[in-house]
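What follows draws every value from the coordinates through simple rules; no lab data is involved. From a predicted model like this one, the values you see are computed outputs, not experimental measurements. Counting neighbours? That spans all protein chains shown, and the Cβs are built from the backbone with ideal geometry, glycine included.
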Amino acid sequence: MKKIIVENENIKVYILALVSILIVRFALEIITFENKLTISTLFFLTIFLVVNKKYLEKS
C-alpha cells in the first residue's frame with residue numbers, strides 16, 4: 001500500500017511540475033516574443049529538480 005501511495009504522490013509532483021513548466025514557458029514566450037528553448041528548458045529543469053528534492057526530503 002505504501003508503494004502505491006508514494007507512486008501516486010510522485011505522479012502528482014510530476015503533473016504539478018509539468019503545469020508550472022507550461023505556465024512559465026507561456027509567460028516567457030509572451031515576454032520575449034520569441035522561443036528561447038535552451039534557456040527556458042534549463043529553467044524548467046532546475047525548477048523541477050528543486051521541487052523533487054524538497055518533496056523527497058519531506059518523505
Working out 0.36 nm times the residue gap between THR41 and LEU56, then minus their Cα-Cα distance, what length gain in nm do you get to one decimal? 3.2 nm
Run the quick spin-label model on LEU22 and ASN8: label points 7 Å from Cα toward the beta carbon, then report their separation in nm to one decimal. 2.3 nm
